[in-house]
Amino acid sequence: MNDNQTFEKLIKKTKTKNTLKGILISSLSTIIVFLIILVGANLFVSNTMSKQLKLQNQKLNIENIAFSPNIFTTRQHTTAIAWTKSTITETRIKNIDGYHIYYPEKNLQFGLSGTQTFSRDDVDVYNANPSIIAENTKTQEKEPIFFSRSAKSIYKNSKNLTLYTPPTHEAKTLSTMKNTLAEVALTFDKPYSYSEIKKMIPDNVMINYYWVGFGNSNTSTIASAGNYIGLNASDDGKGSLQEGSTKNNTYTGYKGLKQALTDSISLQLASHISDKNYISSIKSQLSSNLSTAKFSGVIVTGKTDNLQSLDDLNFVFASNVGLTTPIVPYETPLK
């Protein structure tokens, strides 16, 4: 073998080595770039989902304090169902004189761009001569209704409303239901203060919820069924409210309600109560503090024997029955 052949082989060997080296470097560079992109994407998704979780929890906190008449969340958990998708589930109950009665779970699914699906608390309203019935679409249980105090002439003169719904007086019908607990919405003849209501409501029934009102006189009873804004009372049977506060997007008491309504106007809620004008009209009638606050009605619970006489009270404009449940021997009602 001459020197030229030896030199050619050396050149080929060097070229092959350099080619393999280039491929290796290129492959390693590609892997490193891919890992950087993957880590970056993971950090982006993680940070975005964390922010979304915080935002969705804030929205649920608003729902729970402002839009949940006698509905209480007992447990909440978050489940990741994909890299960019999670679900928040809330277990809920109604408090019927101390009995915790099942209420449909609330499920909220969210992703990088925000809320994707949301389970609503819808009611089906239908005529049941001589009045109307509001029924939960999931449980088929009766839901309590508050009534507009507007005069019939207001409805006739309104361009938006054509139907007048007369107030019901269903509390007195509970006399036929023995050994039973019930939920009753009481619409007052006018707004009353928190301290006045505590004195007005008989001690043998439990105040569960304080309803702020509709916000304006032209609100339809039927159209607004289930769309109530107010505050749940303490669950110990004392019917207490607190002044409250807002901290880390957690809302408590009357001040918490005010801030929740303010925040709900700027946030895009998935709730069935999403009309910003409706929320604003109700927020405008709130007072500066609990001691001067006025409420247009309450939801009370108790034994039917104690509830049946509520229609006889002179401040009751309407009474409407909601959920009922039998009294059992192994659980004592609070009242």
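The listed residues are LEU60, LEU108, LEU55, and the only one of them that is in contact with a strand residue (DSSP E or B) (Cβ under 7 Å, 6 or more places away or on another chain), touching a residue at least 12 places away in the same chain (Cβ under 8 Å) and part of a helix (DSSP H, G or I) turns out to be LEU60.
Go through region 63-84 and give me each residue that's open to solvent by less than 70 Å² (accessible area, probe 1.4 Å) and part of a strand (DSSP E or B). Across region 63-84, the qualifying residues are ILE71, PHE72, THR73, HIS77, THR78, THR79, ALA82.
Answer yes if at least one residue in region 265-288 is touching a Lys or Arg at 6+ places or on another chain (Cβ under 8 Å), touching a residue at least 40 places away in the same chain (Cβ under 8 Å), open to solvent by less than 30 Å² (accessible area, probe 1.4 Å) and of a type in the set (Ser, Thr, Tyr), and no otherwise. Taking every residue of region 265-288 in turn, at least one turns out to be touching a Lys or Arg at 6+ places or on another chain (Cβ under 8 Å), touching a residue at least 40 places away in the same chain (Cβ under 8 Å), open to solvent by less than 30 Å² (accessible area, probe 1.4 Å) and of a type in the set (Ser, Thr, Tyr).
SER175 - would you say it is over 30 Å from MET49 (Cβ atoms), modelled with pLDDT of 90 or more and of a type in the set (Gly, Ala, Ser)? Against the criterion (over 30 Å from MET49 (Cβ atoms), modelled with pLDDT of 90 or more and of a type in the set (Gly, Ala, Ser)), SER175 qualifies. Output the residue which, of all residues in region 193-214 that are charged (D, E, K, R) and not in a loop (DSSP other than H, G, I, E, B), is most open to solvent (accessible area, probe 1.4 Å). Per the criteria, the residue is LYS199. Summed over region 125-138, residues that are open to solvent by 70 Å² or more (accessible area, probe 1.4 Å) and more than 18 Å from the chain's Cα centre (by Cα) total 4. Taking region 231-264 as the range and being closer than 25 Å to SER119 by Cα, small (Gly, Ala, Ser) and either surrounded by fewer than 21 Cβ atoms within 10 Å (Cβ to Cβ) or in contact with a Leu (Cβ under 8 Å, 6 or more places away or on another chain) (or both) as the test, only ALA233 passes.
Among residues belonging to region 169-192 that are touching a strand residue (DSSP E or B) at 6+ places or on another chain (Cβ under 6 Å) and surrounded by fewer than 20 Cβ atoms within 10 Å (Cβ to Cβ), point out the one that is nearest to ARG149 (Cα to Cα). In this case the residue turns out to be ASP189.
Looking at SER148, SER217, which is the one that is within 20 Å of ALA293 (Cα to Cα), open to solvent by 20 Å² or more (accessible area, probe 1.4 Å) and modelled with pLDDT under 95? Show your work before the answer.
Values: SER148 fails: open to solvent by 20 Å² or more (accessible area, probe 1.4 Å).
Sole residue among the options that is within 20 Å of ALA293 (Cα to Cα), open to solvent by 20 Å² or more (accessible area, probe 1.4 Å) and modelled with pLDDT under 95: SER217.
Just so you know, in region 220-230 the residues that are among the aliphatic types (A, V, I, L, M) and open to solvent by 30 Å² or more (accessible area, probe 1.4 Å) include one that is nearest to the chain's Cα centre (by Cα), and it is ALA223.
Please verify whether PHE317 is in contact (Cβ under 8 Å) with a residue 60 or more places away in the chain, touching a Phe, Trp or Tyr at 6+ places or on another chain (Cβ under 7 Å) and open to solvent by 20 Å² or more (accessible area, probe 1.4 Å), treating the condition exactly as stated.
Details: in contact (Cβ under 8 Å) with a residue 60 or more places away in the chain: yes; touching a Phe, Trp or Tyr at 6+ places or on another chain (Cβ under 7 Å): yes; open to solvent by 20 Å² or more (accessible area, probe 1.4 Å): yes.
It is true that PHE317 is in contact (Cβ under 8 Å) with a residue 60 or more places away in the chain, touching a Phe, Trp or Tyr at 6+ places or on another chain (Cβ under 7 Å) and open to solvent by 20 Å² or more (accessible area, probe 1.4 Å).
The values are calculated or read from the model by the stated rules, or taken from the named source; none is laboratory data. Bear in mind the structure is a predicted one, so any value in this text is a computation, not a measurement. Every residue, glycine as well, gets a Cβ built from its backbone with ideal geometry; the counts of neighbours run over all protein chains shown. When the accessible area is computed, the model is the full protein with side chains, heavy atoms only, and any ligands, DNA or RNA have been set aside. Shrake-Rupley method; radii C 1.70, N 1.55, O 1.52, S 1.80 Å.
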